Structures are given as C-alpha cells and as structure tokens.
Amino acid sequence: MPPREIDFTTTKRHVRGDTFCNKNQYHRPKNDIVRQHDDDESSSKEQDDEYSYFNNNKKKNKTKKKNSPAFLFRIGALRFGLHGIAGSLSFIMVTMALIWKISSFSCSCPENDRDEEGDYNCRKAPVPFSLAFAISSSSLVASLGSRGLLSQVPTTSHIASWIFPPHREAFKRTISIIVYLNMRLANEWKWISTNGGGECILFPVILGCYTIFSIHPFKSSFSNGNTWVFVIPMFLGFCIDSYKQFPSIQFIRTNSSNTAKSIPHYNVWFDWTEVHGWNSEKVNETFLLLTLLCALEIAFMFTVAFRGMLSIQTCYWAAAIQVAILFVLLVW
C-alpha cells in the first residue's frame, strides 16, 4: 500500500503561544487557559461573596425584626406598643386627676367640715382609689417597659456650644424619676403604712437610698452645660424632698421606780409633724401629679423628636423651662 500523501496546502503548522494548530482548528494557548481559569475562580468568588452578602443581610433583617419591639398600631413614624399605649393612658389619667383635684378644691364645702388647722376636709380628699391605681400601674408599665427602646435613642445631640445632652442617660433618669414619683404617691395615698395605719420609718430610708443611687449626678460631666441645666436641679430637688420625709427624732426620759435608785430610761419617739406639713403644703398630691405629668410629657416629646417630627432643640428648652419652674416652686 503506497504511503499516504500529505497535502501541505491544506494543513499548516501555526505557532500560537505554546501550542500548534491547524488552519481550520484553533486551540487556545496555555496562557489563555490559565487566564480563563483565574477568571472562572474570581467570578465564582464574586458569586460566593454576593451569596454570603445576601445571606448576611437576610440574617440581619431577621435579627432586626426579632430585636425591634412589637407594636400594635402606628401613627406616622410613631409606633405604639404596650408601653406607648400605657404612657398615653397614664398621661390622660393624670390630667383627669389634676382636673379632679382642682374641681374639688374649688367646690363649696360645709362650714363644719374643717380640721384642727381650719382647712376644709373635702378639699384634702385624695384621688379615688381606682383612678390612683390606674395612674400608678400605667405609668410604671410605660416607664419600665420602655427600657427596650434605649438602643433607638441617640447618644447625644448638639444643643448649644456648651450643651451636649447624653440622651440615653437622660432616658434612664426619667424612668427613675417616674418610679420615685410613684413611690411618693403611694405613700401619699396611704398605701405604705404600719399595721396601726401610721407612718413607716423604712419608707424615707428606702426613698433616700433610691434617690442617691438612681438620680445621682456622679457620672455626669460638670463641663457639660446639660449637667447644670437638668441633672443638678433635679438631683437637688429630689434630695430635698426625700430628706423632708424623715421625721424628727425625740428622746423622752422616763425613770424606773422599781429600785431604790431610779434608773433613767429613754424612749425614742418619731415626730412626723414637719413631714405632714411638707407633704400637705409644699409637695402635696397635686404637686406630685403635676411633676408626673411633666415627666410623661417630656418623655413623649423627646420620643417624637427622635423620630424627626420635632426639633430636639425646641424639646430641650421646653423641658428645661418646666424643670426650672418645678424647682423654683419646690424651694420658694
């Protein structure tokens, strides 16, 4: 069999990189294959990055949904959950209690219905128990239940060149103030008393310790103007009120006649006269309700401001004016 002839006109050897190819068939060189492999790896990495980014965003959205407080309804940017509804109801009921106190003070009382000091007893009547219990329970639910919103509160804001309020610390302090006012109102409504219906000596001790450890300015910066506008007046005011809850201590000497020589004995007696005078003339039930109303209103006002629906500067100075007026009424 004769050898096969090779047609050199149809087959040519072309050098392309490191490989040989025919005229009608092209094989990519090794460099192009390596480059294509690198491109495939980079594209696969990009796809993996996009997939992981998508999964991370999905996980973040799930955690946000889990961490975000549940709400029942919303009005614009405001979401009303359990604490929001409780705060709104508390504000309404405190307003009703103040209206009830004003109307009872302006009512006509019988001339024979007077106490030993000459004041009318009907004007000293406390808020009805049902309304008082509703105020206390709703305000405590609103204040203690709002701790979950601390992550949504901004750290600080610029009010003036020397005022940078720490909003989260102010948020915590507002909660402590509402709890303090509920303790004072519970004592004013005679919910805290001894078995005989008298005053309990443990109440001023607990109240004083709570004031020092909860509303203290020890962590505040005294170079910040917010400390002098808000923190110091509030701390001084609550310290004065808690101090006035302590009775005066009197020692009564009695002699024992059982033996030939009389041995002196001293009985400790607590005089609550000054405490009753302070609680009836200066910081009475009406003043406590008014302070609670201002605390609820200031908390709601800053909540609206944090949602961008009101200027923080306007809220700040409005709250500062209210604190200043209450402090002047306390020490005047």
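Laboratory data are not the source of any read-out in this text; all were calculated from the coordinates shown. Every value quoted in this text rests on a predicted model; they were computed, and no experiment measured them. Note that we place each Cβ from the backbone using ideal geometry, even for glycine, and neighbour counts take in every protein chain shown.
Label-to-label distance for LYS219 and SER151 is 1.9 nm, based on points extended 7 Å past Cα in the beta-carbon direction. Subtracting the Cα-Cα distance of CYS239 and VAL304 from 0.36 nm times their residue separation leaves 20.4 nm of extension gain. Projected onto planes of every orientation and averaged, the convex hull of the alpha-carbon atoms in segment 184-332 covers 12.9 nm².
The per residue volume of the convex hull around the alpha-carbon atoms of segment 188-228 is 86 Å³. Close amide H partners of THR156, meaning residues 5 or more places away or on another chain with modelled amide H under 5 Å apart, are HIS167. Neighbours of PHE203 by Cβ distance under 13 Å: Lys/Arg scored +1, Asp/Glu scored -1, total 0.
On a full-extension model of 0.36 nm per residue, what is the gain between ILE192 and LEU140, subtracting their alpha-carbon distance, rounded to one decimal in nm? Walk me through the numbers on the way to the answer.
Numbers: separation 52, 0.36 × 52 = 18.72 nm, distance 1.70 nm.
Once the chain is fully extended between ILE192 and LEU140, it gains 17.0 nm.
What number comes out for the charge environment of PHE246, summing +1 per Lys or Arg and -1 per Asp or Glu over other residues with Cβ under 13 Å away? Present the calculation step by step, with values, prior to reporting the outcome.
Numbers: positive: LYS244; negative: GLU199, ASP241, ASP271, GLU274.
Charge balance in the 13 Å sphere: -3.
Each 5 Å bin from 0 upward holds the following percent of the Cα-Cα pairs of segment 142-194: 4, 18, 19, 16, 14, 11, 8, 6, 3, 1, 0.
Across segment 221-232, coupling constants 3J(HN,Hα) worked out from phi with the 6.51/-1.76/1.60 Karplus curve, θ = phi - 60°, read 8, 7, 7, 8, x, 4, 4, 7, 7, 10, 5, 5 Hz, and Gly and Pro carry x. 3J(HN,Hα) couplings calculated from phi for segment 298-305 with the Karplus curve 6.51 cos²θ - 1.76 cosθ + 1.60 (θ = phi - 60°) are, in sequence order, 5, 4, 5, 5, 6, 4, 5, 5 Hz; Gly and Pro show x. Each other residue within a Cβ distance under 15 Å of VAL328 adds +1 if Lys or Arg and -1 if Asp or Glu, for a net charge of 0.
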